[in-house]
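Just below is one structure, and these are the notes that go with it.
Nothing in this text is a laboratory measurement; each read-out follows from the coordinates by a stated rule. Computed from a prediction, not measured in an experiment: that's the story for all the values here. Methodologically, a virtual Cβ is constructed for each residue, glycine included, from the backbone with ideal geometry; neighbour enumeration extends over all protein chains shown.
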Amino acid sequence: MSLFPNAEQVEALPEQWYTGTLFAPSPALTDADSYTIEPYVSVNVPKGAYNSSGTLKKNHAQTSVSQFTASYYGITDQLTLYASPAYSYSWGDHSPHSGVKFNDLPVELQYRLTSHETPSVTVYLGFDAPLGSYSNLGNANEGVGTGVWDLRYGVQAQVVYPFFQRVMRIRMWAAATQPLSSVRLRNISSYGTETGFKGRGYSAQTGNEGFSLEFGLTKRWVFALDLYHEWSASSEVKGIYRQTKERYYSRTGWSGLFNVGPALEYGWSPDIGAIAGVILPVAGHNASRDVQAQCAVFVSF
């Protein structure tokens, strides 16, 4: 028995309408001049933080809501341009609100190594543009960016299988970002500095890897599940507080977070659908535990 279904087996599968899961990246689009958008709304509710030993402790953090739109344009049948502009707003915890903030902007080229969508392997290469506020802030909650250009890269694989009388789609991926420079910081910043500071920040490498399952319940209804791990390397801050002449150095530890993301998808047609679910952190270290309720609409042109 072959590990991957062949073209004839795929064509024999029942029709299934997908939107994609809450977190897993999608393969490159299959048609040139096609366009897909997925506007998301995410509400993040803080539920403590994991310390260095993985014990969950209380922490003081704000509730936040963000809106981001994953946008895909098929340049060719195998090459896709991706961008995801995002806004966010945070409030609560007896602290000043952030105001509506534009976040750093991820942009990627996605190339599918196969001529078909399943099984398929897609590679990613792009950047994060430093558009979010990060330095000389009115308050710490306004910091939503890193201030540096990041290189983005990754790989994703997808395959579909028969699942009883319906279809199961599996995606696996690994992705990372690499900062390309350090950044000058002044006063209050997203790196944890306070008024009077002058120095430099060194952003951390970040990444995630995991797999997702989508089980067809009917042609229109799909149960989706993401299982993935997020990580961040150490970041550093070096500088001086001008008034006191006090030298300052800070280095964070590595952090990691394991997440589960169940959701339900519904399709009105092959090109229009919606998804709603929640991302639940289940274990980690040196990381905040934020429960994320998400919903999105999927539209393909």
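Quick notes
- Partner lysines for Lys57 [C-alpha distance under 26 Å; skip if fewer than 8 residues away on the same chain]: Lys47
- Selected from Ser115, Leu13, Val155, residue furthest toward positive end of dipole (the chain; charges at beta carbon): Val155
- Between the exposed loop cleavage positions of the chain, defined as trypsin sites (Lys or Arg not before Pro) in a non-H, G, I, E, B DSSP state with at most 10 neighbouring beta-carbon atoms within 10 angstrom, the longest gap is 59-244.
- Structure-derived semi-axes √(5λ) of the Cα gyration tensor in Å - corresponding label in [x] 32, 24, 16; [y] 26, 21, 20; [z] 38, 20, 17: [z]
- Environment charge at Asn141 (Cβ cut-off 11 Å; Lys +1, Arg +1, Asp -1, Glu -1): -1
- Among the chymotrypsin sites (Phe, Trp or Tyr not before Pro) within segment 158-237, those in coil by DSSP and having at most 11 neighbouring Cβ atoms inside 10 Å are Phe164.
- Mean ellipticity per residue at 222 nm, deg cm²/dmol - from DSSP H runs of n ≥ 4 across the chain, formula -39500 (n - 2.57): -500 deg cm²/dmol
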